[in-house]
1. Considering only segment 47-69, state which residues are of a type in the set (Ser, Thr, Tyr) and over 31 Å from the mean Cα position of the chain (by Cα).
2. Exactly one condition in (1) of a type in the set (Asp, Glu); (2) assigned to a loop (DSSP other than H, G, I, E, B); (3) closer than 30 Å to Asp312 by Cα is not met by Asp185; state its number.
3. I'd like to know if segment 262-283 contains one or more residues that are more than 22 Å from Ala330 (Cα to Cα) and among the aromatic types (Phe, Trp, Tyr).
4. Considering (1) under 30 Å from Phe91 (Cβ atoms); (2) open to solvent by 20 Å² or more (accessible area, probe 1.4 Å); (3) touching a residue at least 12 places away in the same chain (Cβ under 8 Å), say which one Val147 fails and leave the rest.
5. What pairs come out if I take residues in segment 107-127 that are of a type outside the set (D, E, K, R) and modelled with pLDDT under 95 and pair them with residues that are open to solvent by 50 Å² or more (accessible area, probe 1.4 Å) and not in a helix (DSSP H, G or I) whose C-beta lies under 6 Å away, six or more apart or interchain?
6. With Phe29, Phe91 as the choices, which residue is more than 33 Å from the chain's Cα centre (by Cα), under 27 Å from Asn214 (Cα atoms) and buried (at least 17 other Cβ atoms within 10 Å of the Cβ)?
7. Please state which one of Thr100, Thr51, Thr157 is in contact with a helix residue (DSSP H, G or I) (Cβ under 7 Å, 6 or more places away or on another chain) and polar (S, T, N, Q).
8. Mind checking whether some residue in segment 349-360 is farther than 22 Å from Arg248 by Cβ, at pLDDT below 80 and under 36 Å from the mean Cα position of the chain (by Cα)?
Amino acid sequence: LVGDAVAHAALPGICVAYLLFRVASFPLFLLGALVSGVLGVLCVSFVRSQTRIKEDAAIGLMLSVLFGLGMVLLRRIQSDPQGGRAGLSTFLYGKAAGMTWPDVMLIASVGAVVVVVVAALFKEFRVLSFDRQFAATLGWPVFRLDVLMMFLLCVCTVAGLPAVGVVLMAALLIIPGAAARFWTDHLGWMLILAGGFGMLSCAVGTGISANVGNLPAGPTIVLVAAGVFVLSMLAAPRRGLLAEFMRRWGMRRRYAMQNLLRAMWEAGEATGDLSARVALGELLQSRSWSAGALVRQLRRAAARRWVRPDADAYRLTPAGVEEAARIARAHRLWEAFLLEDAAVAPEYAHRYADQIEHVLPPDVLNRLEARLQAQGRIPIPGDMNHRKGGAPA
């Protein structure tokens, strides 16, 4: 949001630079944009510290007011016969194809300096971004570091104006980082990926704009960046929507299988024979399954040799009894803990335990069982093995 505000606040600085010197100089325009952007950030800081207005509201005020001022000055310059040839309107939407080689070298130099400063102060900027109070307790100059980081943001924003313009600069600041977040949990790799995605978007977008129907460079770059974001959102291996869908689908299948095995184990426990025949109707009554979903789960369990059909019913195999006992053990351990230690009402303990049992690793269950045994409370018989003849141990 600050970058978006700085980009819009840069427009009046560009216009003032032209009005003062009457020269269409690219470095002069960037200097005016930088001064205007820094002043805008200082205005936000002043309003935030001296009034009760919140930071986001102050940024919104600065963005709209300074951009409105810039549009007024731009119209004033365009009405001048000489001002119309200054090319200031290209700063609204960008014109990468209109930059000269010295312009490119200037932007490259600015970018290189920013990269060096960020690399040198990476540790400080990281702590400052996530925990300002902790940075202050370390004795770091928090205010100066914050001002430096905002200044670097202003510099990057101004440097990108010729490529994508005032209106779309926020997209080039935000989209690459948002896309990189899908691929990694490590801040360092995220910065590298964000820079790579930004470079790729600019290169591909500029190439498309120059070779396909003379499209505007800035909007094309932003659209390419949006494409990178959508691809990352869908295809990233850990945080992508497809990966999340596959994880959730696998979890639902696993939970349904565990619920089926526990329902058959409990039905056998009630009769004293853990491998007793369990009819489909009895299983349908124990859970809110549809007949089709239940049959599919039974087929999957049979393929894994956990159940076997017996006429119009099913039985647990020895391997199925062992797996079902493990699931029932987890459920009853947590049910006992919720009832006696967490003071959960009995009508809710079964439901909550039904949710917890699916997600906790075995070592957690072992620690919980050891704790209950040390207290003299074993919520399930022995180690859930069954005796010869089917009776629970």
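The values are calculated or read from the model by the stated rules, or taken from the named source; none is laboratory data. Just so you know, these numbers come straight off a predicted model, no measurement behind them. Using ideal geometry, Cβ is built from the backbone for each residue, glycine included, and neighbour counts are taken over all protein chains shown. Keep in mind that these areas ignore ligands, DNA and RNA; they rest on the heavy atoms of the full protein, side chains included. Shrake-Rupley method; radii C 1.70, N 1.55, O 1.52, S 1.80 Å.
1. If the condition is that a residue be of a type in the set (Ser, Thr, Tyr) and over 31 Å from the mean Cα position of the chain (by Cα), then Thr51 is the only one that fits.
2. For Asp185, the failing item is (3).
3. No; the residues of segment 262-283 include none that is more than 22 Å from Ala330 (Cα to Cα) and among the aromatic types (Phe, Trp, Tyr).
4. Going through (1) under 30 Å from Phe91 (Cβ atoms); (2) open to solvent by 20 Å² or more (accessible area, probe 1.4 Å); (3) touching a residue at least 12 places away in the same chain (Cβ under 8 Å) one by one, Val147 breaks only (3).
5. Listed by first residue and then by second, the contacts come to nothing, as the list is empty.
6. Phe29
7. Residue meeting the stated conditions: Thr157.
8. Yes, there is a match, as at least one residue in segment 349-360 is farther than 22 Å from Arg248 by Cβ, at pLDDT below 80 and under 36 Å from the mean Cα position of the chain (by Cα).
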